[in-house]
Structures are given as C-alpha cells and as structure tokens.
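Beneath this line is the structure, given in structure tokens, with notes to follow.
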Amino acid sequence: MLTDENFSASGRTIVHLDLDTFFVSVERLMNSSLAGKPVIIGGASDRGVVASCSYEARRFGVRSAMPMKLALNLCSQATVVRGDMENYSKYSRLVTEVIAEQAPLYEKASIDEHYLDLTGLERFFGTMKWAHELRTRIIRETGLPISLGLSVNKTVSKIATGEAKPNGELQVEQPRVRPFLEPLSIRKIPMIGLKTYQLLRSMGVADIRTLSLIPPDMMEKLMGKNGLDIWKKANGIDTAPVVPYSERKSISTETTFEQDTIDVLHLREVLSTMIEKIAFQMRKKQKLTGCVTVKIRYANFDTHTLQKTITYTSFDHVLARVALELFGRLYQRRMLIRLIGVRFSHLVSGVQQLDLFDDTPEMVSLYQALDRIRNRYGFSAVTKAISLVPQAR
C-alpha cells in the first residue's frame, strides 16, 4: 500500500548527465575523420561483439552487445574500431573532475553518467542555468558531447536526458512530470528490460500512461517488489537518493596467517584466491573497479601498500595480473609476512560489457557461466585455475 512517504521527495532538484555515445565520441576526438560516419566499437573479427556504436550506425539497426558479424551485415559501410578502455577511463575521470569542482552533491552512476542533487540551489540562482553552465564547461574542457535532464527525481531526470539526446538539455518541472511521461513507451523506464517489456506488452501495455493506471497491488502480485517499483516510476515516484561519490569507495579483503610466512608461492595463491572472491562480489553488485591496492604486513608489524589506477573492470584474471605485479614490486625485504590484503576502489556501476573489445566473447561467456553456478551453489562450487597461479608453480 502507498503512503505519503512515497511522495515526500517531490521537492527535490535532480540532474542527470549522460555522455553521448561515449566510446565513439572519444574515438572521434582522437580521429576527426570518424565524425558523421557510422562507427562501431568492438572486436574486429566476425566473432566479436559490439561494445558501442554511433547514432549513424544505430539508424541501420546496430545495437550494443550485438554480434559484430550481424552488425556489419546491417551496416557494411561502418568503420570498426577495436576500442581503448584506458583512454575511455581517462576521459571518464576528466568529466568527473569537472563535476566534482562545482557540484555540491554528485553520484558517479557509471563510466559515462552522473547524478547531481541541486536541491536548495534554486534559492540563490536558477538550477537549470547552473546545470547548463556546467554542461557547457564539460564540453569545452573535454571536447565530449553530453546531454542532461533536470527534474524532481532520478527516474524522471534520466528519462528526460534520453529525450534530450543527442547533445541536448531538457527540464521537466513537477507539474509537467505526468504529461511528460504518459505518452512515452514503457521501454523508457530504466528498470524495464526485455523480459519485463514482453510481459507487459502481452498484457496490452505499451505506454507509460497505461502502465500507471494498473492498480499497484496487481503489479506487485504480478512481479513482486519490482512490479511495485516499476509502477511507482511510471507515476513519476522515485525516492532514491543521490549517493555521494568518493574515490575511496571500495571493496577489500585481508588474510592474517596463523604462522608468519615467507613462502612466495603460497602468498601469491592466497592473493589470487582473495581477488577471485571479491571480483565475484563486485560482479554480483554490478560494480567495476578503477584502482587496485595491495597491502602486506611484515612480522614486525611494518605495513606497506602499493596501488595502481587501471581501466574499469571486474574480471579477476585482469585484476589478478595487476595485483600480482604490485605484490612483486612491494615484497622486496624477504621478511616473514603476517598479513596480506587487496582492495578495489574507484568503484562505478556497470557490467563487464566494457570488456567486449576482445576479438571473441568467450571470456565474457565463461564468467557468466561461472557466476551462474556460484550464485546457485555458492562460491566454492567452482574455482578457476588462476587461483593456483600456475605460472608460479
């Protein structure tokens, strides 16, 4: 049952900023000849997968996660670029730095989108004017196109951004929320994926207005808590806060040995196993890390850490390679070790579709299969050989 608290956040002012076709835009900065042409980012072989594509390619039906062979059949004249996650991560951080200098409260929702809470700023100056000036500064200082939506909550502002694209702005004030949402397709609601869309369409629900008129208890019976959440969003209700972003946001684990050890092979095995476990936790939470830190504590309690900024990932074979490199540089004194730890920080939301630049999607499929088994039977149901560090053996 709905209570007044569901409507309590209507007085907020939330901005959603989303970089337009981010990967493609970065590539066009590097190579201006790509401007205005259909561009596909992804593995170059026929067995590759599309990671991103330009608006020109989308007009031919090309979409993210589509097999490259199919994409090229649809748009044979497209230019295929393998992609450079290191470069994309660098530009993502540049945009975040500009926002951090000006925004009173912001959340980095993914590699290419941010939410800002400007509630209260309207007492001093126009929030839309402020948001426009921030967007202009981002474009000027990074060269990247970016769209924004401003409204009363995260859901409406995100949908507004989608309607403002490409490279536009849209404000939806409280009185206009329902008239703005109602004619739109239900696919515009962020929570609605393909299966939910197909279920609702089988019920004759095509637009947000029709969805908003379904009794909330019926939606809850049909889809559980998600059904009620979708109904609220269709009615412009979203109380989710803007979560303050911090580069210190992290996930970590440590192991203290019963007996201090100098066995390097064992230390590397323990480190790899810890990485495999917390990388699995990150993927469950749909998080990617942009920084790896390794920590060791010697028997005399001296503690040392070393960190490295990396391209955003949640693949443990990538993270293990970085962490073992850091461990090799860190462990130089050949003293007994009491504790070893690893931390992943600079977390952003996202799924590992960011690593689809590989020529084949087998690695992505492997991780999906491993994670499905672990989600059903527990983490220890299957263990990858990387935890045994065969190269050390």
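Computed from the coordinates by the stated procedures, all read-outs in this text should not be read as laboratory data. As the structure is a computational prediction, the values presented were derived from the model and not from experiment. Heads up, the Cβs are rebuilt from the backbone with ideal geometry, glycines too, and the neighbour counts pull from every protein chain shown.
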note = Kirkwood-based Rg/Rh on the Cα set of the chain evaluates to 1.00
ask   = So how strong a dipole does the stretch 16-150 carry about its Cα centre when Lys and Arg Cβ are +1 and Asp and Glu Cβ are -1, to the nearest 20 debye?
value = 440 debye
query = Using the count of nearby Cβ atoms within 10 Å as a rough guide to exposure, how do Ser185, Ser32, Ser89, Ser52 rank from fewest to most?
reply = Ser32, Ser185, Ser89, Ser52
task = Specify, per residue and in Å³, the volume enclosed by the convex hull of the alpha carbon atoms belonging to the stretch 163-268.
result = 247 Å³
note = the chain: longest segment with zero exposed chymotrypsin sites (Phe, Trp or Tyr not before Pro), where exposed means DSSP loop plus at most 13 other C-beta atoms within 10 Å, is residues 126-300
key: Positive minus negative residues near Glu182 (Lys, Arg vs Asp, Glu; Cβ under 14 Å)   = +3
key: Cross-link pairs Lys37/Lys188; Lys165/Lys232; Lys249/Lys295; Lys129/Lys232 - those with Cα-Cα distance over 19 Å   = Lys37/Lys188; Lys165/Lys232; Lys129/Lys232
query = Gap in Å between the Cα centre of the stretch 11-26 and the Cα centre of the stretch 81-137?
reply = 8 Å
ask   = So how compact is the stretch 128-178: Cα radius of gyration and Dmax in angstrom?
value = 11.1, 36
query = So what's the gap between the Cα centers of the stretch 169-195 and the stretch 200-266, to the nearest angstrom?
reply = 19 Å
key: Binned Cα-Cα distance frequencies in the stretch 16-150 - 5 Å width, integer %   = 2, 10, 19, 19, 16, 13, 10, 6, 4, 1, 1, 0
message = When a/c reaches 1.5 or more, the comparison of a/b and b/c decides; with that in mind, is the stretch 55-133 rounded, prolate or oblate per its Cα gyration tensor?
response = prolate
Ser32/Glu163 FRET efficiency (R0 41 Å; Cβ-Cβ; nearest 0.05) = 0.90
